[in-house]
Every structure is written in C-alpha cells, then in structure tokens.
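Read the structure below first, then the notes.
The values are calculated or read from the model by the stated rules, or taken from the named source; none is laboratory data. Quick caveat: nothing in here was measured; it's all calculated off a predicted structure. Ideal geometry is used to build each Cβ from the backbone, glycine not excepted, and the neighbour counts take in all protein chains shown. Areas reflect the complete protein model, heavy atoms only, side chains present, ligands, DNA and RNA absent. Shrake-Rupley method; radii C 1.70, N 1.55, O 1.52, S 1.80 Å.
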Amino acid sequence: MQNEQALVIFSGGQDSTTCLLQAIETYGRDNVQAITFHYGQRHHIELERARWIAQDLGIKQTVLDLSLMQQITHNALMSDGAQIQTADNGLPNTFVDGRNALFLLYAAIYAKGQDIRHIIVGVCETDFSGYPDCRDVFVKSMNVTLNLAMDYAFQIHTPLMYLTKAQTWQLADKLGRLDYVREHTHTCYNGVAGGCGECPSCILRERGLAEYLAQKEAV
C-alpha cells in the first residue's frame, strides 16, 4: 500500500506488537505510526515495553494520558492489589468499560489530524477474555460512527479478529519476528516482567505459544 499511512493502537503486548510488525511490512516503516494510551493500568510495565519497541523499530509513537478514567470507572486492571477473577456476568473483572471505544475515538481524532485513514487494532474474538468491545460487530459499528462523526473515510483494520493465539504466534513467525515478540512484549495483567503465568492474559499467551510450537515441530 505505497504512500498510504497507518496508525497502530499499540500497547506493547503480543497482539499489538504483531500488528505493528505486520503494518511495517504492509505500509513501510516511514508510513506507520503508533499511538499508546496511559489509562491507569496496573501493568504500567507495558508502557515501558511499548516505548522501547517503538524506538527499537524506528516508529513514531504518541502517548496519550487517559488516566482520568480512574475517576469514573473501577476494575481490577486499574487497581493495584485487586484479585483478578470472573464476575457474576461471566466477564473477568479486568474489563474496562468503554476502553476500546475511547481508544478508537482518540486514535481517529489523531489520525485525521495526520491525514491517516488506516487504523489498526489488535482485538480478537477467538481466543480472548470475553470482552464485548473486542468483538467484530463493535469495531464495525465504531468504524461507521467515526466516519459519520468526522466526515472522514477511516478504515479500521483488525488483522487478528478471527485468529487463535496460536495463529497469532504463527503470524509473528511468518513475519520473521517470533523470538522478538516472545522476548520483548508484555501481556501480564499483574505487571510481572516475563509474566505471572496465572492471569487470564498470561494463560492465553502461553497456551497459544505451546500449541503453535507443537504444531511447528510436528511439521
């Protein structure tokens, strides 16, 4: 996609880093930017990882402070020491109300100011924690809403939407970056460097990696 530009919503985790690497291959390094959000997440180590990866890859990164969210919503992901568990409605208590809606809104505002039409987000509804704002129907609805709100032809891309975690690892491998994603990304909700191995995010990540490596070895 020569001369087209893309903005990646980038957390420094496995999924968004894989999306960033794919975007660089698709659009070219000079045509890709990253946007990262500080919203009061307890795993602030991901912000450090995101900053390091963006610098290492030579990608312009913009970090926006959305920590005001702490004043209006409460959840385990934004509360130090809170135990991560599944609520009565079946959702993990790490779900942050409105998070992806806000991320897409602010990303779109920034993108329009930069004459960028392609927005990439690493949400997925295959191997995920059940968050409603990771579903394809939500992203499509936001795409329509943002286009109408700003009279601008945004295209929101979700390259991981129907991939399992094993397939996401496979994609990183196809990009020649499996070890890079393994070694430099952070996904742990508890903010433990290298992962706690117990939170839902760590479990999904490690289970997917083990599945992919087993498949790769069997070939």
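For ASP88, state whether it is more than 27 Å from ALA193 (Cα to Cα), of a type in the set (Asp, Glu) and at pLDDT 95 or above.
no
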Considering the range 172-181, residues that are touching a Leu at 6+ places or on another chain (Cβ under 7 Å) and open to solvent by 20 Å² or more (accessible area, probe 1.4 Å), and then whichever is nearest to LEU204 (Cα to Cα), we arrive at ARG177
Number of the condition not met by LEU146 [criteria: (1) assigned to a loop (DSSP other than H, G, I, E, B); (2) farther than 16 Å from GLN61 by Cα]: (1)
Could you tell me which residue of the range 158-171 is most open to solvent (accessible area, probe 1.4 Å), considering only residues that are farther than 16 Å from PHE10 by Cα and assigned to a loop (DSSP other than H, G, I, E, B)? TYR162
Which of (1) in contact with a helix residue (DSSP H, G or I) (Cβ under 7 Å, 6 or more places away or on another chain); (2) outside any helix (DSSP H, G or I); (3) at pLDDT 95 or above does ALA193 not meet, given it meets every other one? (3)
Extreme residue, surrounded by the fewest Cβ atoms within 10 Å (Cβ to Cβ), among residues of the range 48-64 that are in contact with a strand residue (DSSP E or B) (Cβ under 6 Å, 6 or more places away or on another chain) and assigned to a helix (DSSP H, G or I): ALA54
Take the residues in the range 128-157 that are closer than 17 Å to THR17 by Cα and open to solvent by 30 Å² or more (accessible area, probe 1.4 Å), then tell me which one is modelled with the lowest pLDDT. PHE128
